[in-house]
Structure formats: structure tokens, C-alpha cells
1. In Å, the Kirkwood hydrodynamic radius of region 142-216 over pairs of distinct alpha carbons?
2. Among the GluC sites (Glu not before Pro) within region 171-219, which fall in a DSSP loop and have no more than 14 other Cβ atoms within 10 Å of their own Cβ?
3. Give, in nm to one decimal, the length gained when the segment between ASP221 and GLU32 is fully stretched (0.36 nm per residue of separation minus the Cα-Cα distance).
4. What is the packing order of peptides 305-314, 7-16, taking the mean over residues of other C-beta atoms within 10 Å and listing the highest first?
Amino acid sequence: MSRSGSQVQRMLALVPYLQGHDGIPVRDVAEEFGVTPKQIRDDLRLLMYTGVGEYAGELIDFDLGALEEDGVVYIRDAEFMPRPLRLNSSEGVALIVALRALRASASGAQLPIIDSALAKLETAVGEQVDAPVDVHLEDVDAALQTTLVHALQSGQRVRIVYGTASRDDRTERDVDPRRLFTENGRLYLEAWCLKAEDLRFFRLDRIESAELTGESADDHDAEPRDLASAFFTVGDDTPYAVLDLEPRAHWLTEYYPVQDVERRGDLLRVRMFGGDWSWLRRLVLRNAGSVHVVEPASLADEVRDHARLALGAYDEQ
């Protein structure tokens, strides 16, 4: 099972356990759940943001003084846990859409579980979901996806061959999978990459092959990345271009990752990063006349070639 899956199961069991063992030392809780005291403290801090609302009495709470000074756990305001879960129609529809998205990326034994939950939710919500909501994800190799799901469930290391479109190359690397997720209609694997010695995101449609190594995946002590703020992150391999921005294009620096901003009269010269070279090419073409490519020369050539093709299409008509 993935690290995040294990944590969810542990946290679901923690609340009723602590309700029956109020005032228990943290080390005893850690021993009971087979983790470190630090992990239990991290779980408790996360549980403090969990509840049925956002005000006192609606969120689980702990005596932080007792926890930090004496190392014992006193749980508060968790009486709502035994109550039956009630969802309004908007929450129900949101869950249905989320489950349909999950189903689009699931396989094997997961499908009957998801279908059962979907059937119950759709019956409960009723006519509000009669109109179809389709979730489309880019196609990936089913066997490859099954291998990754098995690796997550069994806690195994995987050897993948990964193609990087921006540099037109392929690398082989061993990774310790943490989770599969969707973002902008694509499936991704979050894993600890032993080659980079850091967390990395891998697009499944760019993984050319994946095989189990037979080794157990290590539980790397790495903080998960916050995808809510921004999925795109700049790394050593991220493609970039040096651009001159006219005044009417200065706004780009507020919305896209840039470095080395240098003012040259009315122009801003920046190093702008993109997910791949095609994205950078489209950015320049969309802002034709106000964004000029300084380097690399290959990108400037691509922009000119595509602009000529587009103009040629108008001439043909």
C-alpha cells in the first residue's frame, strides 16, 4: 500500500482509538500503530484540520500543551465521528464527479468498489446527475498502469523508462511510487526518483515501460508537494527561453515562472520556463509582436516556421 493510503487508514483508526484511550502517551500510540512518535504527532496535527465545519466544536482538537510538554494525547471535539454522514446535493454531485474521474484511471479490483459507491451516491442524489458527466483522460498503456497499481499496493520499487519530450531523450531510472493522480486530464505517478534523489512527477503517457524490481520501496521522509498552489515546478531539466517582452506583455511575468528579469528601456528581458518547447512556442505565437525570442535560436526558427505555415493557410483560402 502507498504511504498516503497507509496514513489515511491509520488516521481513520486513530480517532476512535484515542477516544477510548484518552490521556495515552504518544510513544504507546506509536507502538500500537507501528510508526514513530514523530509520525503520530504529524497525524494529530493534520487531524486538527478535520471535521464537519470550520469552527470550534466542528473540528477535531487536541490538548497541544499536554502533547508537546508531557507527550500525552487528549482528544477533544470528536463527538461528531459516530454520527451518520449527511451530504447536501452539491457535495453529492462533487463526489460523483470525483468518483467518475477516479474510475477513469482505476483498474482491476478497484472498479467494483468504485461502481458500488457510485451507484449508491447516484441513487441518493437522484435527478441532479441525470445529465451525463464524462471524464476524459489521455489514454495510457493498461498493462503499464496495472504494474504501477500493483507496485503501490505491494510497496515495491519500479524500474521505468521515461521519455522527456522537451529534450527528445529517454532515461532509465528506479523509483519508489507514492501515488497515482490526475491533473489537467492526464495521469501522473508521484514517486521518489533514486536518480534525482528527490520527489518527481511522471506522466504515464511518457513512461515507455515499467517493471517491478523485486525490491521493497523505501519510505522516504519527504514532504508531499502542494498541488493546489501550482502543479508546474521548475527543475534542472525544465526548458526555458530568453525573451524580450514589450510593455503590453509585461503581465506574463506575473502569471508564469521567470528568472533574471532585466529592464532594457521599455523592454523586459526574462528567462521564462515552460513545460516543454511546444508550450513556449505557442506562448510566443499567441503574443506575436510583443514577445521576441532572444535564445535559443532553434525556438526562434520554430516560431518563424509555424507563423509562415499559418499565414500560408490564409493565402490558400
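1. Kirkwood hydrodynamic radius for region 142-216: 12.3 Å.
2. Of the GluC sites (Glu not before Pro), the ones in loops of region 171-219 whose Cβ has at most 14 other Cβ atoms within 10 Å are GLU197.
3. 66.0 nm
4. 7-16, 305-314
Each reported figure results from applying straightforward, stated rules to the coordinates on display, with no laboratory input. Owing to the predicted nature of the structure, the values given are computational and were not obtained by experimental measurement. Here the Cβ is made from the backbone with ideal geometry for all residues, glycine too, and neighbour counts use every protein chain on show.
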